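Participant: Structure provided below as structure tokens; questions to follow.
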Amino acid sequence: MSGPAVLKNMTYGELEQFVLSLGQKKFRATQIFRRMYEGCADFDEITELPLSMRQQLQETAVLHAVSLKERQVSSDGTRKYLFEIAGGDTVESVYMRYKYGSSVCVSSQAGCRMGCAFCASGINGLNRNLTAGEIVDQITAVARDTGSRIGHVVVMGTGEPFDNYDELIRALRIMHDSRGLGIGARNITVSTCGLTDRIYDFAKDMPQVGLAVSLHAPDDEIRRQLMPVARSCSMDKLLHVCRDYTEITHRRITFEYALISGVNDRAQDAEKLAARLRGMLCHVNLIPLNTVNENEFQSSAREKAGAFAEILEKRGIQVTVRRQLGADISAACGQLRLNRES
Ligand code: SAH
């Protein structure tokens with residue numbers, strides 16, 4: 001193996017094997033796994049370990065997979081982070097405080113190749129997939145910086161998580177493990193632009209983890225203008241797969257819908273959307289669009305969002321208008337990273 005072992009890439013079982021390979025006792029893995037997810041910054045902080053073992057770990061392994069590069073703090077407590085990963089690329093994470101506890105939004109890729117027209121993350125394409133350790137370490141780094149226990153995780157940062165499926169699943173297993181971070185599966189949500197084969201895989205592999213699907217349109221014509229992925233998969237097909245998903249998992253699906261002025265926010269769009277979603281086990285999350293300098297899309301006026309929500313509600317579709325946190329810092333999704341790229 002080349003280079004030091006990145007411990008946060010390892011599941012608990014793999015860490016046990018690693019500890020054994022160092023000639024140490026298995027139970028050391030319990031101590032390391034617990035302490036590294038409590039946020040230990042250095043092997044020397046894991047004082048349960050004999051000094052010789054700490055030295056051995058310094059020589060063979062690393063605790064961290066991401067390092068803090070920049071942080072912005074909003075007046076409402078929201079924090080936006082830019083982390084550096086191996087190779088020099090950067091990824092964004094966001095910390096949010098809600099009534100029910102603290103939540104972190106993590107990235108799954110450096111860049112993105114889905115190319116949604118309104119999104120800043122894909123403007124320069126995909127640089128590389130994140131490793132499981134890099135996904136998980138965003139949570140630990142944020143927890144350490146804020147001094148808070150993270151109860152909820154959303155995989156809604158830069159990247160298409162289902163385009164990096166294996167590392168995503170590994171990361172979910174690691175963050176869920178109660179010997180470490182112990183984040184409840186039901187407190188984790190993964191968002192996809194709609195890669196249908198992977199939705200089936202996800203229903204099978206992670207039936208307890210929440211799924212959000214980015215819809216952003218009431219029909220194929222509008223969706224294809226906004227999301228290239230929609231050119232190879234119709235909304236009928238996507239919604240059929242979503243129905244299968246709810247049947248397999250019995251879990252309500254969240255549809256994300258960013259309201260874009262004059263594009264997808266008319267009353268007739270809401271009517272059309274309501275008709276298509278009728279009878280589905282779902283919930284619509286209306287998102288005020290974050291403006292991105294690189295495109296001309298504008299967010300719908302607040303009254304428009306209210307009227308849109310009202311139509312859905314009247315038609316029996318559960319809907320919320322997402323509250324905007326961190327408005328004073330929040331460059332749009334992917335914007336902080338984009339602005340810092342040379
Ligand atoms: N690739 C995944 C997850 C990443 S983004 C997906 O497409 O779902 C998380 C959500 O933010 C998605 O619904 C995405 O469409 C949305 N989003 C991207 N850019 C946005 C912007 N400028 N304003 C509002 N929402 C945006």
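Participant: Report in % the part of the accessible area of the chain that belongs to carbon and sulfur, leaving out ligands and nucleic acids; probe 1.4 Å.
Facilitator: Carbon-and-sulfur percentage of accessible area, whole number: 47.
Participant: Still on this structure, I have one more. Checking the table K25/K80; K204/K237; K204/K304; K99/K304; K25/K204; K237/K314 against a 29 Å threshold on Cα-Cα, which pairs fail?
Facilitator: Flagged as over cut-off: K25/K80; K204/K304; K25/K204.
Participant: Per residue, how large is the accessible surface of the stretch 5-62? Use a 1.4 angstrom probe and give square angstrom.
Facilitator: 47
Participant: Let me know the charge dipole size of the chain about its Cα centre in debye, to the nearest 20, where only the beta-carbon of Lys, Arg (+1) and Asp, Glu (-1) is charged.
Facilitator: With Lys and Arg at +1 and Asp and Glu at -1, about 800 debye.
Participant: Output the peptides 181-193, 126-138 sorted from most to least packed, where packing is the average of other Cβ atoms within 10 Å over each peptide's residues.
Facilitator: 126-138, 181-193
Participant: Then there is this: Tilt of helix 132-146 relative to the longest C-alpha principal axis of the chain, in degrees (0 to 90, nearest 10)?
Facilitator: 90
Participant: Which trypsin sites (Lys or Arg not before Pro) in the stretch 275-305 pass both tests, a DSSP loop state and at most 14 other beta-carbon atoms within 10 Å?
Facilitator: R278
Participant: Add +1 for every Lys or Arg and -1 for every Asp or Glu among the other residues with Cβ under 9 Å from the Cβ of A143, and state the total.
Facilitator: Charge balance near A143 sits at 0.
Participant: Continuing with this model, one more query. Rounded to the nearest 10 degrees, what's the angle between the helix 165-176 long axis and the longest principal axis of the chain, both from Cα atoms, 0 to 90?
Facilitator: With both axes taken from Cα atoms, the answer is about 70 degrees.
Participant: Next up: Given Cα pairs under 8 Å that are at least 6 residues apart, what percent is the relative contact order of the chain?
Facilitator: Relative contact order for the chain comes out at 15 percent.
The values are calculated or read from the model by the stated rules, or taken from the named source; none is laboratory data. All values derive from a computational prediction rather than experimental measurement. Ideal geometry is used to build each Cβ from the backbone, glycine not excepted, and the neighbour counts take in all protein chains shown. These area figures cover heavy atoms from the full protein model, side chains too; ligands, DNA and RNA do not enter into them. Shrake-Rupley method; radii C 1.70, N 1.55, O 1.52, S 1.80 Å.
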